[in-house]
1. In Å², and per residue, what accessible area does the range 43-124 have when probed at 1.4 Å with the other protein chains present?
2. Please give, to one decimal in nm, the separation of the simple spin-label points placed at Arg101 and Asp188, each 7 Å out from Cα toward the Cβ.
3. Once neighbouring chains are kept in place and the probe is 1.4 Å, which whole percent of the accessible area of the range 29-170 is contributed by carbon and sulfur?
4. Quote to one decimal, in nm, the extra length available between Gln78 and Ala162 on full extension: 0.36 nm per residue of separation minus the C-alpha distance between them.
5. Please give the solvent-accessible surface of Asp188 in Å², to the nearest 10, using a probe radius of 1.4 Å with every protein chain present.
6. Mind checking the full-extension length gain between Arg141 and Ala123? Use 0.36 nm per residue of separation minus the Cα-Cα distance, one decimal, nm.
7. Leaving ligands and nucleic acids out of the surface, order Thr107, Thr147 by accessible area at 1.4 Å, largest first.
8. Hey, what's the range 134-200 come to in accessible area per residue, 1.4 Å probe, Å²?
Amino acid sequence: MSARNPPHASGPLPPRREHASTGANPLRRTSDRFESWFRGFLMLVLALGLPVAAFGAGLTAYESSMRVVRTQSAERHQVDARVTSVVEEAGEAAGLRARVRWADGETVRTGTTLVKPDTPEGAPVRVWVTGDGAVTGPPMRGNQAVTTGWFAGGAAAAGVAAGVFGARTGVRRVLDRRRYAQWDAEWDRVEPLWAGRFRR
């Protein structure tokens, strides 16, 4: 008999065995199946929940900030005032805190505001005031509202990502502790049998 025709080569080929499905894997534990399902669920949450949360939080923050922009723009206006005295230094970057005076119709009003460090007494300055004549800061601008919206959206996205990562890590640790406990229990049952074989 030649090497080309070995004995085991004659006859019909044995039927091919189909690959076992993933769920039928005997080495796949219940905890493994649960972890795989939970990981897929978290990926779905990450894919759908992250953009929804980011867009929702960003839009809400932007709309809220734009309401502040409109309200402050309607309530605040600038007036021409004059510096009457310098109260104190507010710091090199901030400048000087000075007393100012301006005319509101027939009423003369005074207040305190920040001016440049080299501003002398009697110099004219532009001051933002409210409807009741109180000195205030400039109203919020539209680009600040946009920045607030982007910041809120980014924070929401980071929060969702952190939550998904934390949930995945926490479930993995719980499952690993359970697996280690099962392995210890199984080894306690098997180890005496193995040890007995070597004592014979």
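The values are calculated or read from the model by the stated rules, or taken from the named source; none is laboratory data. Everything numeric in this text was worked out from a predicted model, so none of it was measured. With ideal geometry, Cβ positions are generated from the backbone for all residues, glycine too; neighbour counts draw on all protein chains shown. Note: accessible area is taken over every heavy atom of the protein model, side chains too, but ligands, DNA and RNA are not part of it. Shrake-Rupley method; radii C 1.70, N 1.55, O 1.52, S 1.80 Å.
1. With the other protein chains kept in place, the range 43-124 gives 67 Å² per residue.
2. If labels sit at Arg101 and Asp188, their model points lie 9.1 nm apart.
3. 60 percent
4. My answer for the length gained is 25.7 nm.
5. The accessible area comes out at roughly 110 Å².
6. Extending this stretch completely gives an extra 3.8 nm.
7. Thr147, Thr107
8. 76 Å²
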